[in-house]
Amino acid sequence: MISSLIKDGVKKENIVLVSGIGCSSKIIDYINLNSFSSLHGRPVVSAEGIKLGNPDLKVIVCAGDGGTYNEGISHLIHAAKRNIDITVLIHNNRNFALTTSQFTAVSPKGFKGRSTPEGSVEEPFNPLELMLSSNASFIARGYAFKLNHLGRLIKEGINHKGFSFIDILQPCISFFDETDSYKERIYEVEEDNLDSKKQALKKIEKWDYESEKSKIPIGIFYKEKRSAYEEALLGKLNPSKRNRKINLKKIIKE
Ligand SMILES: Cc1ncc(C[n+]2csc(CCOP(=O)(O)OP(=O)(O)O)c2C)c(N)n1
């Protein structure tokens, strides 16, 4: 997927991966690209800083559902609202896996993990619905075992001018292995009327992250053209190219 972006003319040095902390976030160690390892729950806001520092960059966040839908949820909402041109990939295994399994905002009610040995009493929320109401301009869901489909979603997300959000269902084989269940239930959604919020909501509501029986649509649910935050804020300015003539030694001495 990255090589296909490079083939299309994107410079490798202009792609940046930003991770949080978790199993998901190890990905930046496996891919030979510029990367930044941020704190748990903080990759979205770190990515926003990188994008504003150099708007020429393609900035891609790789993070877990725990870090992003729990600790970092406010950053996700505000990034979507302001439509900053970054891509957020959520490796959604529906638990805090690196810390050997606690329930997250998208674990089903009754989820048994270290923090809820008797089963969680909370119902999950639907992150796609949350993104729609937060005004995200690109909303999709992919599946880790449908690689060609997922590759297309990620590429479309990166090429989308504005905030792109892709929730990727990725079974956790140690603590929440939904592979067999997902295999039966996942289907590709019709990607029509993509600029209609009403239609998007209808499709998004087909699965609420709670039901273990209903079918699960994957694909692009919503896509809208809207001006991106960094364009509105910076115009043509690229802060990384400013000649700031900073004397670091003098500043440190002061
Ligand atoms: C502020 C903060 N809180 C908690 C932790 C401990 N911690 C490290 S990884 C992790 C779980 C990560 O879960 P998730 O974001 O879902 O990613 P996964 O490991 O499932 O890919 C937690 C709770 C931390 N490092 N920093």
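The values are calculated or read from the model by the stated rules, or taken from the named source; none is laboratory data. For clarity, every value in this text was computed on a predicted model and none was experimentally measured. Please note: Cβ atoms are built from the backbone with ideal geometry, for glycine as well, and neighbour counts cover all protein chains shown. Heads up: the accessible areas ignore ligands, DNA and RNA and are worked out on the full protein's heavy atoms, side chains in. Shrake-Rupley method; radii C 1.70, N 1.55, O 1.52, S 1.80 Å.
A few notes on this one:
- Every pair of residues 6+ apart whose Cβ atoms lie under 6 Å, when the first sits in the range 60-82 and is under 21 Å from residue 226 (Cα atoms) while the second is open to solvent by less than 50 Å² (accessible area, probe 1.4 Å) and near the ligand (Cβ under 8 Å from one of its atoms): 76/68
- Within the range 146-177, the residues that satisfy the criterion of being more than 16 Å from the ligand (Cβ to nearest atom), among the small types (Gly, Ala, Ser) and more than 11 Å from the chain's Cα centre (by Cα) are 151, 162.
- Of all residues in the range 58-104, those that are open to solvent by 10 Å² or more (accessible area, probe 1.4 Å) and away from the ligand (no atom under 16 Å from the Cβ) total 6.
- Of all residues in the range 153-188, those satisfying the criterion of being touching a helix residue (DSSP H, G or I) at 6+ places or on another chain (Cβ under 9 Å), surrounded by fewer than 18 Cβ atoms within 10 Å (Cβ to Cβ) and not in a strand (DSSP E or B) are 155, 159, 161, 173.
- Residue within the range 57-71 that is over 14 Å from the mean Cα position of the chain (by Cα) and part of a loop (DSSP other than H, G, I, E, B) present: yes
- In this structure, residue 164 qualifies as farther than 20 Å from residue 108 by Cα and of a type in the set (S, T, N, Q).
- Flag if residue 208 is assigned to a strand (DSSP E or B) and of a type in the set (D, E, K, R): no
- Single residue of the range 136-152 satisfying the filter (of a type in the set (A, V, I, L, M, F, W, C) and surrounded by fewer than 24 Cβ atoms within 10 Å (Cβ to Cβ)) that is nearest to residue 219 (Cα to Cα): 150
- For the range 5-35, filtered to residues that are of a type in the set (A, V, I, L, M) and not in a strand (DSSP E or B), the residue that is most open to solvent (accessible area, probe 1.4 Å) is 21.
- Residue, nearest to the ligand (Cβ to nearest atom), within the range 36-51, restricted to residues that are closer than 30 Å to residue 8 by Cα and surrounded by fewer than 18 Cβ atoms within 10 Å (Cβ to Cβ): 37
- Neighbours by Cβ (under 8 Å, 6+ apart or cross-chain): first from the range 20-49, farther than 18 Å from residue 77 by Cβ; second of a type in the set (Asp, Glu): 34/13
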